[in-house]
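To start, the structure under review is shown below, and the notes come after it.
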Amino acid sequence: MTNGHEFEQAAPILAILHEAGYEAYFVGGAVRDYLLELPIHDVDIATSAYPAEVQALFPRHFDVGIEHGTIMVWFEGETYEITTFRTESTYQDFRRPDKVTFVQNLEEDLLRRDFTINALAMTDQMTIVDYFEGKADLKAEIIRAVGVAHDRFHEDGLRMMRGVRFASQLDFDIEAHTLQAIEENAAILAHIAVERITVEMNKLWIGKNWQKGLAYFLKSGLYLHVPGLSEYATSLQLLLTEIDGEQAFDNAEFAWSLMFWCHFVQSGETDPKNMQKAIRQLGKAWKMSNQAADDITAYFDIWYLRSSKGEWDLVDYYGKNPEKLLAIEAYMQKQVALGKQLFADLAYPADPQKVQSEIDRLPIHSLKELAINGRVIIAQINPDNKREIGLMLSFLETAVLELKVANEEAALLTYLREHYQAKE
Ligand code: ATP
Ligand code: MG
C-alpha cells in the first residue's frame with residue numbers, strides 16, 4: 001500500500017499516549033480510506049485518556065470539541081483530533097447526543113459509530129481492529145449500519161444522509177436492512193440541522209458514483225425531507241436517465257446548476273429569472289454561502305444561454321467566468337461522446353476549443369479595461385448632463401465588444417463624437 005505515511009507521521013502520538021499508560025488507536029475514515037488505498041484526509045485518534053490528560057500530554061492543542069471529548073492537537077506541522085473513547089446517550093429529537101459518556105474500552109467506542117466500514121480501528125503497528133466485520137463489508141463494497149440500523153438512524157438521522165453520501169463517494173451498495181431502515185426513517189431527516197445535510201449532499205454530488213447515491217436519495221424518500229427538493233423530483237430523475245454518470249462533477253455547484261437547468265427545461269418555465277429566484281431560495285433554505293448560490297446562478301446562466309441561443313456573439317462571453325464556460329462546454333461534449341442525447345441538438349456542437357478561442361478574442365474583460373474613463377470623458381467631451389457619462393461608457397463598452405472600434409483612447413473619443421446620441 002502506498003498511502004500509509006500519514007500514519008507513520010502520526011505514530012509518535014500513539015506512542016506518547018501509550019507511554020503515559022493509555023490505549024490509543026487510529027479510527028474512522030482514515031482507516032477505511034487506507035484499506036481502500038484512497039487518499040487519506042484527517043487521521044483521527046481515539047484514546048482511553050481523558051481530555052484533560054490529552055491536554056497535559058500535548059501542550060500545543062486547541063479545545064475544539066471538548067464537550068464531545070475531542071482535543072485538536074498540533075503535531076509536527078499537522079493537526080489531529082484526539083477523542084476520548086465514549087458512548088453517546090440521551091438523543092433528543094433524533095439529533096446528535098446531548099450527553100456523551102466516556103468509557104474505557106475501544107469496542108464500546110466503535111459501537112457508537114455509524115457504519116461498519118467507519119468502525120474500524122488500527123494500531124500503530126498497522127494491525128486492524130475489526131469488531132463488526134467492517135473489513136468484509138469493505139471488500140464486498142457494502143454500507144451497513146453498526147448494530148440495528150433502525151435504532152442507529154433514530155439516534156442520529158444524519159447518518160441516513162451519510163449512508164447515501166458514502167454510496168456515491170465510494171461507489172458502494174447499501175445493505176438491504178440498512179436501506180430499509182433509511183426508507184422507514186427518512187422523515188427523521190427533517191429534525192437535522194440543515195447545514196449538516198448540505199455538507200453531506202455536496203459530498204454526494206461530487207462522489208465517484210453520484211448517480212448511485214442520488215438513486216438511493218430518491219428511492220429512499222430522503223429527498224422529501226430536505227428543504228425544497230420535492231418539486232425537483234422530476235429533474236433529479238432526469239439526471240439519472242439523461243446524463244451519463246461516468247462523468248463525475250468537479251464541484252457541487254455545477255451539479256446543482258444542472259438540476260436547475262433540467263428543471264427549467266422540463267417544467268416549460270420560460271423566464272430564466274424565475275430560476276435565478278429559485279436558486280436563491282433553495283440556497284437560503286440549505287444555508288449555502290452567497291458565493292455558492294452565485295456560482296450556481298452563474299453556471300445556470302451559461303446552461304440557459306448555451307441551450308436557448310444559436311451562435312454566441314462575443315458580448316455573450318463577456319462577463320461570464322471563463323472556467324465555468326469551459327467546464328460546461330467540456331461537460332456537454334463528453335456527454336455527447338458518451339452517447340447521451342441531452343446536449344446533442346444544441347445550435348452548434350459543444351466545442352471547448354472554440355469557446356477558448358472566443359474568450360481569447362475578447363478585447364476587454366470588464367469595464368475597467370476600457371481605455372477611457374469618466375474623467376477623460378469630462379475633460380474631452382464634457383456632457384451637460386453628468387448622467388450621460390455612464391451611458392457613454394457602456395455605449396463604448398458594447399462597441400468595443402462588437403469590434404466596431406479599437407480599445408484605444410483616441411479611437412474611442414472619435415467614435416463617441418461620431419456615433420453617440422444622447423437620449424432625451
Ligand atoms: P470523510 O472522509 O468524509 O471525512 P469520515 O468517515 O472520516 O468521512 P467524519 O465526519 O470525519 O467522517 O467522521 C469520522 C468518524 O466519526 C467516522 O468515520 C465515524 O466513525 C464517526 N462518525 C462521524 N459522524 C458520525 C455520526 N453522525 N454517527 C456516528 N458516527 C459518526
Ligand atoms: Mg474524516
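The values are calculated or read from the model by the stated rules, or taken from the named source; none is laboratory data. Note that the structure is a prediction, hence the values are computed from the model and not measured. Backbone-built Cβ (ideal geometry, glycine too); neighbour counts: all protein chains shown.
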Of residues in segment 109-136 being in a helix (DSSP H, G or I), within 13 Å of ligand 1 (Cβ to nearest atom) and not small (Gly, Ala, Ser), the one surrounded by the most Cβ atoms within 10 Å (Cβ to Cβ): Ile117
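Please tell me if Ile302 is in a loop (DSSP other than H, G, I, E, B) and in contact (Cβ under 8 Å) with a residue 24 or more places away in the chain. So that I can check it myself, show each step before the final result.
Details: in a loop (DSSP other than H, G, I, E, B): no; in contact (Cβ under 8 Å) with a residue 24 or more places away in the chain: yes.
For Ile302, the condition - in a loop (DSSP other than H, G, I, E, B) and in contact (Cβ under 8 Å) with a residue 24 or more places away in the chain - is not met.
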Sort out for me the helices (runs of 4 or more DSSP H) sitting completely within segment 334-424 that have 3 or more residues that are surrounded by 12 or more Cβ atoms within 10 Å (Cβ to Cβ) and either assigned by TED's automatic domain parsing to the domain that holds Leu258 or in contact with a Cys (Cβ under 7 Å, 6 or more places away or on another chain) (or both). 352-361
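Only one residue in Ala176, Ala186 is farther than 23 Å from Arg32 by Cα, surrounded by fewer than 23 Cβ atoms within 10 Å (Cβ to Cβ) and not assigned by TED's automatic domain parsing to the domain that holds Leu36, so which one is that?
Working: Ala176 fails: farther than 23 Å from Arg32 by Cα.
Sole residue among the options that is farther than 23 Å from Arg32 by Cα, surrounded by fewer than 23 Cβ atoms within 10 Å (Cβ to Cβ) and not assigned by TED's automatic domain parsing to the domain that holds Leu36: Ala186.
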Residues (away from ligand 2 (no atom under 16 Å from the Cβ) and either closer than 21 Å to Glu107 by Cα or not in a helix (DSSP H, G or I) (or both)) located in segment 20-52: Ala20, Gly21, Tyr22, Glu23, Ala24, Glu37, Thr47, Ser48, Ala49, Tyr50, Pro51
Identify all residues within segment 1-19 that are surrounded by fewer than 21 Cβ atoms within 10 Å (Cβ to Cβ), more than 16 Å from ligand 1 (Cβ to nearest atom) and not in a loop (DSSP other than H, G, I, E, B); write none if there are none. His5, Glu8, Gln9, Ala11, Pro12, Ala15, Ile16, His18, Glu19
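Which residues, taken from segment 281-293, are in a helix (DSSP H, G or I) and either surrounded by fewer than 16 Cβ atoms within 10 Å (Cβ to Cβ) or at pLDDT below 95 (or both)? Working first, answer last.
Initial filter on segment 281-293 (in a helix (DSSP H, G or I)): 281-285, 290-293.
Once the filter is applied, which keeps residues that are in a helix (DSSP H, G or I) and either surrounded by fewer than 16 Cβ atoms within 10 Å (Cβ to Cβ) or at pLDDT below 95 (or both), segment 281-293 yields Gln281, Lys284, Ala285, Asn290, Gln291.
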Please specify each residue of segment 162-205 satisfying the condition of being under 22 Å from Ala285 (Cα atoms) and not in a helix (DSSP H, G or I). Ile192, Ala193
Check whether at least one residue in segment 65-85 is surrounded by fewer than 20 Cβ atoms within 10 Å (Cβ to Cβ), within 14 Å of ligand 1 (Cβ to nearest atom) and in a helix (DSSP H, G or I), and report yes or no. yes
